[in-house]
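Asks: What follows is a single structure, and I will ask about it in a moment.
All of the numbers you see were taken from the coordinates with simple rules; none came from a lab. For clarity, every value in this text was computed on a predicted model and none was experimentally measured. Using ideal geometry, Cβ is built from the backbone for each residue, glycine included, and neighbour counts are taken over all protein chains shown.
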Amino acid sequence: MMDRLLQRCRIRNQLVRECLAEFLGMYITVLIGSGSAAQVVTSEGTHGSYLTIQLGSALGAMFGIFAARGVSGAHLNIVWSMGLCILGRHPWEKLPLYALSHILGAFLGAATVYLQYYGKISTIFILFFILSFNENVFSGGELLVAGPSATAEIFCSYPADHLSFWGGLVDQVVATAVLLIGCLALEDRRQGPLPDGLTPVLMGALVLTIELSMGSNCGCPLNPARDLGPRLFTFIAGWGEEVFKAGGDWWWIPTVAPFVGALIGTVIYELLIEAHHRNTPQEEQSPGQELETADKEETLNTIESESTGVM
């Protein structure tokens, strides 16, 4: 019975299936990541800490990848998709639809977290023309972007007081470059095969490592859609234009800088690692006729569009 129902619900268009998987993966990533931040902020640190926020973000990314990888490969970050497109391993025409799926998933993930915590965050919940009135327990009835009772930081990144414009730009370029280098290393078949199911765990560990080492400047967004989707939600949910004006119009740095970092990280890995691999002993001793050099290079270097990505 259930099998027949699933067959009827199966979408035939491959691109639509991939976009739905990317949407769900990003939704889970934001739901867990922003949820962990909401728990810490609204409890004023009595239920968690900076470390639990970073763990929540990393685990959210890991389970988002687990959820979507069987259908789309779980890119979950448009800069990773862009890196694969640059390398000829993913079609460019899918890029805009993947980006839209990520933004929508992040938007609704933030909306869900807000709905869960709305009694502590806001007086008015606005989503799809639904109004829900409740007393604001945490910030006294105000939706604040800055200050000790700010709640906008639950959903998207804002710069620390010490961070300058150029410091934030460098931070995001460097962090995203490291992310792409790590992703390419994990997906590089010449580095050695990984057990099935281990890649998403290591992707989560990579995100956690970057956040623990570079997160104090601006929360380490690393992902344009992960930051922009929730920011758009906070804009319409009551925080207003300040979500775009705060930090000297900070919003565009986590939206644009990761693309620059992704390009730099991709080029660095390709020039310093990928171009210098040596043949493995198994390849040198493989029975039968040898593959032509060009065919061998193509076989070893190709990472299909289904490559696992990261938020």
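Asks: Say a paramagnetic label sat at a point 7 Å from the Cα of Ser216, along Cα to Cβ; which residues of region 146-162 have their backbone N under 13 Å from it?
Replies: 160-162
Asks: Next question. Would you compute the Debye intensity of region 174-254 from its alpha-carbon atoms alone, equal scatterers and no solvent, and pass along log10 I(q)/I(0) at q = 0.15, 0.22 Å⁻¹ to two decimals?
Replies: -0.66, -1.03
Asks: I'd like to compare 12-20, 226-234: which one has the highest average count of other Cβ atoms within 10 Å, and what's the full order after that?
Replies: 226-234, 12-20
Asks: Next up: How many nm separate the modelled label positions at Tyr50 and Leu271, each set 7 Å beyond the Cα in the direction of the Cβ?
Replies: With each label point 7 Å from Cα toward Cβ, the separation is 3.4 nm.
Asks: Report, by chain and number, residues whose modeled amide H sits under 5 Å from the one on Leu76, excluding near sequence neighbours (fewer than 5 apart, same chain).
Replies: none
Asks: FRET efficiency for Val16 and Val174, Cβ-Cβ distance as r, R0 = 22 Å, nearest 0.05? Don't skip to the answer; put the middle values down first.
Replies: Details: r = 36 Å, r/R0 = 1.63.
After rounding, the FRET efficiency stands at 0.05.
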